[in-house]
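Student: Attaching a single structure in structure tokens format; questions to follow.
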Amino acid sequence: KFVFLGNQLVNSNNNIQAVLATGLVSDPNGLTNTVLYWWNGASYTILTYYKDIDAQNQFAPTFGDGWYTGTGAFATNQLNQGKQGGHFVKNPSTSPITVTMVGQVLQGTNVYSITPGFNTYTIAEPVSTNLNSALVNFPGTSDPNGLTNDIYYHFNGNSYDILTYYTDTDAQNQFAPTFGNGWYTAAGAFGSTNASLWPKVGEGFWIRHAAASTVNWTNAFTVQ
């Protein structure tokens, strides 16, 4: 099935060949290989994992075990933290795989731009918590009419959990009762207190930023 992967550890400048290198499936016929749908900000670039011996059935020259483009180039894509951080991994084989990701925790203060339209993101550090927590500090945009609010899409393995950001004042125009600033379901439930809806460690998420202006997401983290 598909998993919406997010890389939260810095490794070799986040190059895909280093970040995703273990537990992957290669097939000499190119049928059950692990596939990555790398989000480039507007569409997907499709990359396929091959062991070098299997890649030799598809391409010449080959470049060792790793991720290849459809034309046989050895991929150099980055799996970054923060903006454009979510990418789909497809396991088309019939057996589960376990991918181990290693690296350093991103520390200090980091600023990511939340641009108009759809984009993928990760929490920069390997934590699981709601987006309006003090640790994450995601700058949700709210509208009293519910027209230009930020919308969060969490892939749950089959479909999307969808939440909309409201300040409590704006939420009062839509729901009763309200529960403070945060992320609400369409029925008015407070998603910010539902841990099953938060991005898990190793997951990305989507944000639809409907407002016309870009806002900055400032995230600060230090390992104690």
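Student: Using a 1.4 angstrom probe, figure out how much accessible area the chain has per residue, in square angstrom, rounded to the nearest whole.
Tutor: For the chain, the per-residue accessible area is 47 Å².
Student: In whole angstrom, how far apart do the alpha carbon centroids of region 99-150 and region 153-169 sit?
Tutor: Between the Cα centres of region 99-150 and region 153-169 lies a distance of 13 Å.
Student: Modelled label-to-label distance, Thr32 and Asn57, 7 Å Cα→beta-carbon offset: nm?
Tutor: Here the answer is 1.2 nm between the modelled labels.
Student: Still on this structure: Could you work out the helix-only [θ] at 222 nm for the chain, with each DSSP H run of four or more residues adding -39,500 (n - 2.57) and the total divided by the number of residues, to the nearest 500 deg cm²/dmol?
Tutor: That calculation yields -1000 deg cm²/dmol at 222 nm.
Student: Count the lysine pairs in the chain that are 8 or more places apart or on different chains: how many have C-alpha atoms under 19 angstrom apart?
Tutor: 5
Student: So, R0 is 22 Å and r is the distance between the beta-carbons of Ala18 and Gln224; what FRET efficiency does that work out to, to 0.05?
Tutor: Working: r = 27 Å, r/R0 = 1.24.
E between Ala18 and Gln224, to the nearest 0.05, is 0.20.
Student: What nm distance separates the two modelled labels at Asn137 and Asn40, each placed 7 Å from Cα along Cα→Cβ?
Tutor: Each label point lies 7 Å from its Cα, and together they span 3.3 nm.
Student: For region 15-140, take N as its residue count and report Rg(C-alpha) divided by 2.2 N^0.38 Å.
Tutor: Here the answer is 1.20, to two decimals.
Student: Go ahead and set up a Gaussian network model of the chain, Cα springs under 10 Å, then flag whichever of Gly66, Gly188, Gly204 fluctuates most.
Tutor: Greatest mean-square fluctuation among the candidates belongs to Gly188.
Student: 7 Å from Cα along Cα→Cβ at both Asn11 and Gln104: what's the point-to-point distance in nm?
Tutor: Result: 1.5 nm between the two label points.
Student: Now a separate question. Once the Cβ-Cβ distance between Thr129 and Asn156 is put in as r, and R0 is 22 Å, what FRET efficiency do you end up with, to the nearest 0.05?
Tutor: 0.80
Student: For region 1-102, which whole percent of the accessible surface, found with a 1.4 angstrom probe, sits on carbon and sulfur atoms?
Tutor: Its accessible area is 54 percent carbon and sulfur atoms.
Student: Can you tell me the length gained on complete extension of the stretch Lys1 to Lys200, counting 0.36 nm per residue apart and subtracting the Cα distance?
Tutor: Going from the current span to full extension adds 69.9 nm.
Student: Further, regarding this structure: If you filter region 1-106 for trypsin sites (Lys or Arg not before Pro), then keep DSSP loop positions with at most 10 other Cβ within 10 Å, what is left?
Tutor: Lys1
Student: For region 142-188, just list the percent of Cα-Cα distances falling in each 5 Å bin from zero outward, please.
Tutor: Computed distribution, short to long bins: 5, 25, 31, 19, 10, 7, 2.
Student: How would the chain be classified by its alpha-carbon gyration tensor: rounded, prolate or oblate, with rounded meaning a/c under 1.5 and the a/b versus b/c comparison settling the rest?
Tutor: Verdict is prolate for the chain.
The values are calculated or read from the model by the stated rules, or taken from the named source; none is laboratory data. Since the model is a prediction, treat every value here as computed from it, not as a measurement. Cβ atoms come from the backbone with ideal geometry, glycine included; neighbour counts cover every protein chain shown. When the accessible area is computed, the model is the full protein with side chains, heavy atoms only, and any ligands, DNA or RNA have been set aside. Shrake-Rupley method; radii C 1.70, N 1.55, O 1.52, S 1.80 Å.
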